[in-house]
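See below for the structure under consideration.
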Amino acid sequence: MKALVIDDSRTMRRIVASVLTGLGYEIVEAGDGQQALDALAAAGDAHGFDLACIDWNMPVMDGLTFVTKVRENRDWRGITLMMVTTESEHGQIVRALAAGAHEYLIKPFTPDALRDKLELLGLLPIEELA
Ligand SMILES: [Mg+2]
């Protein structure tokens, strides 16, 4: 399993990445939406990502724009998109889901909360489900 962790906070990337690494994920980090699009393009179909964890507020390209752009590209429709953000207003959540995000995790979060979301999405490696 391969995940793209997108956040302009290096600390936050480390937190998300450490949980995902513990679950068996291979991680690529990106500091904004444009870097993340570049990483998707560079990976190509054969080495594609299963999951992207996406901050909302970032310089250059924010998370909502990133989600919209990923959903415009048919090659990337297999990627599960999860917003991981402090934006907690109902309207913001609805906007992100309408743009094509599958899940929404509000910061701060516990490792268990992230794990639970992945389980709901069917994105836990098999050995973690035992
Ligand atoms: Mg941010």
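The values are calculated or read from the model by the stated rules, or taken from the named source; none is laboratory data. These figures come from a predicted structure and were not determined experimentally. Virtual Cβ from ideal backbone geometry, glycine too; neighbours counted across all protein chains shown. All accessible areas refer to the heavy atoms of the entire protein, side chains included, with ligands and DNA or RNA removed. Shrake-Rupley method; radii C 1.70, N 1.55, O 1.52, S 1.80 Å.
Brief remarks follow.
- Among the residues of the stretch 76-114, the ones that are crowded, with 18+ Cβ neighbours inside 10 Å, of a type in the set (D, E, K, R) and more than 20 Å from D32 (Cβ to Cβ) come to 1 in all.
- Screening F49 against (1) open to solvent by 20 Å² or more (accessible area, probe 1.4 Å); (2) in contact (Cβ under 8 Å) with a residue 40 or more places away in the chain; (3) among the aromatic types (F, W, Y) leaves a single unmet condition, (1).
- Positions within the stretch 91-108 being outside any helix (DSSP H, G or I) and under 14 Å from the mean Cα position of the chain (by Cα), in sequence order: G100, A101, H102, E103, Y104, L105, I106, K107
- Single residue of the stretch 1-30 satisfying the filter (within 12 Å of the chain's Cα centre (by Cα) and not hydrophobic (A, V, I, L, M, F, W, C)) that is surrounded by the most Cβ atoms within 10 Å (Cβ to Cβ): D7
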